[in-house]
Amino acid sequence: MIDDEPLAIELISDYIRKTDGLELANAFSNLIEDLHFIQKNEVDLVFLDVQMSEFTGIQMMKILDQQFPVFLKTAYEEFALDGFEHNVIDYLLKPITYGRFFKVVQKVRKHSLDIKIELQHTKQPAN
């Protein structure tokens with residue numbers, strides 16, 4: 001999770017603790033630290049704030065070449081189009097409720113299941 005607002009980090013961290021099957025690997029308010037962590041560790045998904053002091057979440061996705069599902073978090077609706085142009089899984093508009101958070105977690109779980117099914121399907125020999 002990447003956000004420059006301590007209260008937003010605390011809220012999403014709490015939502016992650018409440019949700020079975022999720023584990024918070026780390027939370028960052030500094031994008032440089034986060035970049036180092038992501039480059040050195042396997043990351044399953046990222047909750048990424050759009051507007052931060054150093055640079056934007058959209059800029060970060062371009063730097064990382066996005067190898068994992070990303071959920072954008074922001075208080076600004078106008079960034080939604082940019083996010084979807086970069087294949088984000090979903091867009092969380094602040095303030096984020098637990099119900100909305102849980103819905104996006106279910107979306108990534110379904111997405112992962114679809115990928116596994118597709119991979120299994122493509123491995124079957126042709127007749």
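The values are calculated or read from the model by the stated rules, or taken from the named source; none is laboratory data. Here the structure is a predicted model, which means the values were calculated and not measured. Methodologically, a virtual Cβ is constructed for each residue, glycine included, from the backbone with ideal geometry; neighbour enumeration extends over all protein chains shown. The protein model used for the area step is the full one, side chains on, heavy atoms only, and it has no ligands, DNA or RNA in it. Shrake-Rupley method; radii C 1.70, N 1.55, O 1.52, S 1.80 Å.
See the values below:
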{"quantity": "Environment charge at ARG17 (Cβ cut-off 12 Å; Lys +1, Arg +1, Asp -1, Glu -1)", "calculated": "-3"}
{"quantity": "Additional length obtainable on full extension of the chain from GLU33 to LYS94, 0.36 nm per residue less Cα span", "calculated": "19.6 nm"}
{"quantity": "Count of lysine pairs in the chain with Cα separation under 22 Å (8 or more residues apart, or interchain)", "calculated": "16"}
{"quantity": "Structure-derived P(r) over Cα pairs in 10 Å bins from 0, in percent - corresponding label in (i) 12, 44, 32, 8, 3, 0; (ii) 12, 44, 35, 8, 0; (iii) 13, 48, 35, 4", "calculated": "(i)"}
{"quantity": "Per residue accessible area of the stretch 1-59, 1.4 Å probe, in Å²", "calculated": "58 Å²"}
{"quantity": "Sequence-separation-based contact order of the chain, relative, with Cα cut under 8 Å and 6+ spacing, percent", "calculated": "19 percent"}
{"quantity": "Portion, in percent, of the accessible area of the chain that falls on carbon or sulfur, probe 1.4 Å", "calculated": "52 percent"}
